[in-house]
Amino acid sequence: MNYEIRIHSNNAESIFNKVDIETKEQLKAKIRVLEDSPKKKRAGADIKKLKNANPEAYRLRIGNYRVIYSVENNTVWITEIFQRGRNYRKQ
């Protein structure tokens with residue numbers, strides 16, 4: 001099953017648009033991995049389910065960046081993109 005990838009927040013879109021071209025390409029390539037089984041950790045996708053997140057949310061690690069997303073029906077909603085080291089927000 002293929003999932004559609006959508007950016008859900010202005011903050012995530014803003015961060016994505018501010019990064020350099022090389023980082024943007026790296027983010028895009030890794031985010032595309034979520035099109036197939038976004039909840040399953042596998043080679044090339046360091047995915048972790050976030051504890052106490054409501055609704056259910058996941059973290060994708062991409063180098064020094066973290067992508068927080070949720071899955072609803074056949075859509076992956078990206079809610080946050082941030083650099084490593086920043087604390088996770090409580091949902």
### Query
Over the chain, what lengths in whole Å, largest first, do the semi-axes of the equivalent ellipsoid take, defined as the square roots of 5 times the eigenvalues of the alpha-carbon gyration tensor?
18, 16, 13
### Query
Can you put Ser70, Ser37, Ser14 in order, fewest other beta carbons within 10 Å first?
Ser14, Ser37, Ser70
### Query
Which GluC sites (Glu not before Pro) does the stretch 4-91 hold that lie in a coil by DSSP with at most 16 other beta carbons within 10 Å?
Glu56
### Summary
Per 5 angstrom bin, beginning at 0 and ending with the bin that holds the maximum distance, the Cα pairs of the stretch 27-68 fall in percents of 5, 24, 35, 23, 11, 2
### Dipole magnitude (debye, nearest 20) for the chain, charges at Cβ of Lys, Arg, Asp, Glu
520 debye
### Query
Along the principal axes of its C-alpha atoms, what lengths does the stretch 1-50 span, in descending order and rounded to whole Å?
29, 22, 22
### Query
Got a sec to turn the phi values of the stretch 65-74 into Karplus ³J(HN,Hα) couplings, 6.51 cos²θ - 1.76 cosθ + 1.60 with θ = phi - 60°, whole Hz, x for Gly and Pro?
10, 10, 10, 9, 8, 10, 10, 9, 6, 10
### Summary
Listed with the fewest Cβ neighbours within 10 Å leading, Leu34, Leu50 appear as Leu50, Leu34
### Message
Can you give the FRET efficiency to the nearest 0.05 for Asn52 and Asn10, using r as the Cβ-Cβ distance and R₀ = 25 Å?
### Response
0.50
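Coordinate-derived values only; no laboratory data. For clarity, every value in this text was computed on a predicted model and none was experimentally measured. Note that we place each Cβ from the backbone using ideal geometry, even for glycine, and neighbour counts take in every protein chain shown.
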